[in-house]
Structure formats: C-alpha cells, structure tokens
Amino acid sequence: MHVRTVEAEEAPRYKDRFGLRLGLAYARGLRKEAGEAIASARSIAPFTSVYDLARRVAPLRKQELVMLAQIGALNSLGDTTHRRDALWQAEYAGKPSGSLFKDIPEEQEQWKSAPLFQMTTEERLVADYRGTGMTVGRHPMSSHREMLTGMGVSTASDLRFTPQGQSARIAGCVISRQRPGTAKGFGFLSIEDETGVSRAIIHPDLFERERSLLSYGKFLQIEGPLQNENGLVSIRASEVLPLTISAADVRSHDFH
C-alpha cells in the first residue's frame, strides 16, 4: 500500500510531473508495526475498502487510520472518492470488532454513503504537510501565481533571465535557513515556489531588523538586486515581507 496524496480529479494534471504516490514511511504518526502489518496484508490481497483494511490489519489503531484518510492514502480503496469519504468510513471502521461482529456483511454497512463535501485545495495542502511534511499535489504557490505575477514577483525559473544587478522580487516557502559563524553575520535563505528554488543573501543589518520574520516566517517575499556568480543566482535582499499564502505547516531545515 502506498500513500496517495492527490485527489482523483487532480491526478491527470500532476501525474507526469510529480507522480502520485509516497511510501508509508512518510506518514507521520504511523507506527512501524502498523506499517509492516499493512504491507504484509497487502501482499496477500489488495484491500477492497477502508473497512477491509481495518478488519485485516489488527495492529492499526483508529487514529492511524484517520491520519491515513486525512492525507489521502485511502482514496483508492473501494468506492471511496475523496478524503472526507475516507474519514467518514474510518470512523465506522473503528467500531468494536470480534466474534459478535465478524458475520455482519460489509455491504450492509451504512458508512458507504458520506454526506461530506470534498476538501478544498487549501485543506488538502494543510493535511498533506501536517501528515507527511510535503505534498505531491499542487504547490502552495501555484494557486496564487496570477496574483503574484501582478505584484511583480518572478518565479525561480525566471531568475536566470534577469540581468545582473537588476532588482527582482521572489516569493515562496522557506525550505532552508543558514547563518554560519564564518559568514560575518550574513544569512542565506532558500525559497521554493512551484518552478524551483531561489536563493537570498541577507545582510547582517537587515537580519537584525527582521530577525523574527527571517527566523520563523514560513512564506516570505524578498526583493533586491540580482547577483549571478559563476551561474549561481541569488537575490541580495534589501526588503523582506511576510506572505500570506497558506496555513500549511511548511518546515525549513535550519543551519547555524
């Protein structure tokens, strides 16, 4: 079994670029025992429904089943079509089990019809980052590209066409922060959007003025002259602003 984190209606658009599946090792909160039990049961026969998964994998706890539903891992089981379908079914699949219940036909279960709306793109993003630390669906920046372009924000892929010294504006989620002791107070950020990664050089004075934002901001907008040294393109930041894009819990790798 794999973790599926793209809704059925999104799959054709993103299949070629990102692929559709992640391994269970990426699922936060899923115990090794439960993951191995899922893999073992799946090797014998595919799961036919959320109920079948819960019934056949005894070590799987209800909260783990719910977590798998939240991140889209159960979307392809049986007649499940979206994550809230799976969440609805996971609640019922966690009902008491044992000899008194084993003979209840699965098709008689009332949980098959879920009166819940699908998650929005933002809700799926939040669930993906909470549950796996990433998404294989639409990048948080992509849904806002038209607005960002109107604000004069360049994509990471566009920066290589920007002349040396010209002012440029980048925006995205912070994926790494560095401020090594040998850098004389300079800081370095890697900013990711849907096209790639941009780099920003932070002067010590700017870092001190915006220390909290530069240390903890998840999505940032940075402006400054472009610097191209031997093909390594960076923005020498003159201004940094917070960017309200998504509530997704994007976490950076920080090195000091």
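Bear in mind these aren't lab numbers, they're just calculated from the coordinates by the rules spelled out. Predicted, not measured: the structure shown is a model, and the values here were computed from it. So basically every Cβ, Gly included, is an ideal-geometry build from the backbone, and we count neighbours across all protein chains shown.
Phi-derived couplings, Karplus 6.51 cos²θ - 1.76 cosθ + 1.60 at θ = phi - 60°, listed residue by residue for segment 158-168: 7, 4, 5, 9, 8, x, 4, x, 6, 5, 9 Hz, with x used for Gly and Pro. A Cβ-based charge dipole, computed about the Cα centre of segment 142-255 with Lys and Arg at +1 and Asp and Glu at -1, lands at about 260 debye. Rounded to 0.05, the FRET efficiency of the ALA45 and ARG209 pair, given R0 = 41 Å and the Cβ-Cβ distance, is 0.10. Remark: segment 130-256 is approximated by an ellipsoid whose semi-axes, taken from the C-alpha gyration tensor as √(5λ), come to 21, 19, 13 Å, largest first. Once both labels are positioned 7 Å from their Cα atoms along Cα-to-Cβ, the gap between THR182 and SER238 label points is 3.1 nm. Within the shell defined by Cβ-Cβ distances under 12 Å, the residues around PHE207 carry a net charge of +2, with Lys and Arg each +1 and Asp and Glu each -1. For THR162 and GLU123, a Förster radius of 41 Å and the Cβ-Cβ distance give a FRET efficiency of 0.70, rounded to the nearest 0.05.
Using the average count of surrounding beta-carbon atoms within 10 Å as a protection proxy, the listed peptides 236-247, 193-204 rank, highest first, as 193-204, 236-247.
Ranking ALA156, ILE201, THR182 by how far each Cα lies toward the positive end of the dipole of segment 102-256 (charges on Cβ) leaves THR182 at the top.
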